[in-house]
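The structure under discussion appears below in the form of structure tokens.
The values are calculated or read from the model by the stated rules, or taken from the named source; none is laboratory data. The model shown is predicted, which means the values in this text are computed figures rather than measured ones. Positions of Cβ are backbone-derived with ideal geometry, glycine not excepted, and every protein chain shown enters the neighbour counts.
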Amino acid sequence: MTKMKLVIAGVMALMLSACAASGPRIYTDVDPAADFSQFRTFAFMEEAGKNAEAQYQTLSGQRIEDAISTALEARGYRVDIHNPDILINFHLKTQEKTRSSPPVYVGGYYGYRSGMYVGWPGYVEPGYVDTYTEGTLTVDMVNRRTNQMVWEGTAVARVTSSVREAPNETVRNAVASIFAQYPYVAGSGVAVPPVQ
């Protein structure tokens, strides 16, 4: 492998490791007409975190529910299973993804010889195909009285072997990243800047 190829490979490795270290990508959406000052209590929808076919709570579902409860309680919300202001639903899915890059031609070096005669030829950096599993966790907050969704947060990240080996930490980090972008505390309609 030539020196140029080693440099390119090193840069690509650094870029991939930086992406992995930066945590999940977070997306949020909010109903601009919602009055968040009226929300003080929450409960989970009956189907949240359940296996759709067997209708039981999965281990992942229980971890997610616990992490969401912790995040909301830290913002002053309390559980009320009988008469909640907001209902929480969440969905976890994985999907096989493929990312590819076409071959790249790296031109030859001509320098001061340019136009006088041919310098050394360039080479083609081979493309690549990267197959991986992507996990998506989405949390919905629904106004129980109107049955209208008022806020949604989504975390998207690669599912790596280290993620599979530490499910508790992975779930806590994903949920914390989502709620770092949730701008309200219980009983207040004044949004605060998201946590960076």
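Each row is one residue, and each column tells you yes or no for (1) in a strand (DSSP E or B); (2) surrounded by 14 or more Cβ atoms within 10 Å (Cβ to Cβ); (3) at pLDDT 90 or above.
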{"site": "71", "(1), (2), (3)": "no, yes, yes"}
{"site": "91", "(1), (2), (3)": "yes, yes, no"}
{"site": "95", "(1), (2), (3)": "yes, no, no"}
{"site": "109", "(1), (2), (3)": "no, no, no"}
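Every listed requirement among (1) buried (at least 17 other Cβ atoms within 10 Å of the Cβ); (2) at pLDDT below 90 is met by residue 102 save one, (1).
State whether one or more residues within segment 22-34 are modelled with pLDDT under 70 and at negative phi. Yes, segment 22-34 contains at least one residue that is modelled with pLDDT under 70 and at negative phi.
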